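The values are calculated or read from the model by the stated rules, or taken from the named source; none is laboratory data. Note that the structure is predicted; figures quoted are calculated from it, not measured. Using ideal geometry, Cβ is built from the backbone for each residue, glycine included, and neighbour counts are taken over all protein chains shown.
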Amino acid sequence: MPYYKFSTNDVYNNTLKTYPTVKFLIYSGSAYYNNRPNLSGAHSNPILRTNAGNISLYELNVDRQYFGSSARNIGPSGPAGTTTIDNGLIYPWVVKNGTSIGFRSTTEGGFNALNYGDIIQGSYPLTSSISKELYLASTRRYNTSNPSLTSGWVSHLLALKNTINSYTYINPLISYSSSVSGRDLNSVPVGLVSVPTIFYGSKIKPGTVDLNFYYTGSLLARAQDTKRDGVLYTTTGRRSGSAIGFALYGEGILILTASYRLGSTGQTDKYYRDPATDLLVSDNPKWIYFAQFAETTANTSAPAIRPNRDVWAPYSSFIMEMSGTQEIQTLTMFAKAPKGDLNQSSNPTYRQYSTGSFSSATKRTYLENSNIHIKNVVSSSYNDPTGSFEKTTYISRVGIYDDEKNLIGIAKLAMPVKKTVERGFTFKIKTDI
């Protein structure tokens, strides 16, 4: 089998930059990613065991049957809750040993209560989705009772202060507190929308953020980063052309600061609960309420607002669109089949065999006819004779080998390519790395 070494000009490393579309529809307490519906399977509903607004990492346990109470135990039982269970689903696990390796969800007390050799289990699927936090003007941004913050907390909004100010050189309106913007994020209502990096890649593409606020199915207002500098401007609705917030492209964060009424005074919806009374509050649609739906990650000890629970904003719906930035490393190789080469084959069909062209000298010896002819596959205008003989092979795949001649990849052709002595080919092989 012949080997050909790639020359310097035969191998290229390129970076392919793509801008995948990201679209979220938020309605009735649920989010839907790229118009993907919740599909049900034979054993799970939804089939991915997570809502349509989430991405399931690795997509494990897709429509796997869950045994529940009929699950069986595997191996010996450890302390309470550490018995290994076969419930039909895939799950991660580690063994407690001297390395002290466990899962992030395992508390220190729970880890210390285990015996060495006990199994620590996790769960799949691992999911990710957008989240929304609402900060009222009266919502605390940090724990004022503990100035040293040794045991206190800082809100997500205040934690982003330095990051927000790092964008000020692009547009002075992007700042945590300044005279140019005319507001301080510590004292005004703020809506914070977080988009995990798994949805957009390295950063959000400037100029692609598009927010649509609907009320009873009708478009009430629209905002876009029309100047591609991160500031979101109203393009449809009241106060057209005014800034309603800004986007942090690298972090996937939208900061919404406009708290003026978008519709008529009679248009109201229930967007949050009063932190003091825990009662639902009716208010007019505002940009700070964009993407407001039932939160699942709120912390009652350090809340942006109390968990919304049954706050669905039944009359409001939201569409958020943007494009991400994905950089894909690609390897391009040019494999050459030169003229006059690769016209010999070890395939048995390459030669013309005859049942009488061998002789056996002993029981352990098999002799073939040394004058076996190569099969002539050249077509002719006549039915019986073939055309003038020409060495012909067919290339159906190209093998890629490393420096030690270990096969590391095979490129298959859709249809075999006819190779004659006068023909030379160059196969372009491209793969992501």
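Observations, loosely collected:
- Taking the numbered list (1) over 21 Å from residue 313 (Cβ atoms); (2) aromatic (Phe, Trp, Tyr); (3) assigned to a strand (DSSP E or B) in turn, residue 167 passes all entries but (3).
- One residue alone among 100, 128, 56 is small (Gly, Ala, Ser), modelled with pLDDT of 85 or more and in contact with a helix residue (DSSP H, G or I) (Cβ under 8 Å, 6 or more places away or on another chain), and that residue is 128.
- The one condition from (1) more than 30 Å from residue 198 (Cα to Cα); (2) surrounded by 14 or more Cβ atoms within 10 Å (Cβ to Cβ); (3) modelled with pLDDT of 85 or more that residue 64 does not meet is (1).
- In the stretch 197-227, the residue that is farthest from residue 252 (Cα to Cα) out of those that are assigned to a strand (DSSP E or B) and of a type in the set (S, T, N, Q) is 218.
- Among residues of the stretch 85-117, those that are within 21 Å of residue 61 (Cα to Cα), of a type in the set (Val, Ile, Thr) and in a loop (DSSP other than H, G, I, E, B), counted: 1
- Residue in the stretch 410-429 that is farthest from residue 331 (Cα to Cα), counting only those that are loosely packed, with under 13 Cβ neighbours inside 10 Å and touching a residue at least 12 places away in the same chain (Cβ under 8 Å): 422
- Considering residues of the stretch 231-271 that are touching a Leu at 6+ places or on another chain (Cβ under 8 Å) and of a type in the set (Lys, Arg) only, the residue surrounded by the most Cβ atoms within 10 Å (Cβ to Cβ): 270
- When residues in the stretch 73-86 are screened for being loosely packed, with under 10 Cβ neighbours inside 10 Å and modelled with pLDDT of 70 or more, 0 of them pass.
To keep it simple, each residue is scored yes or no on (1) of a type in the set (Val, Ile, Thr); (2) modelled with pLDDT of 90 or more; (3) within 21 Å of residue 53 (Cβ to Cβ).
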position: 217; (1), (2), (3): no, yes, yes
position: 228; (1), (2), (3): no, yes, no
position: 245; (1), (2), (3): no, yes, no
position: 251; (1), (2), (3): no, yes, yes
position: 282; (1), (2), (3): no, no, no
position: 301; (1), (2), (3): no, no, no
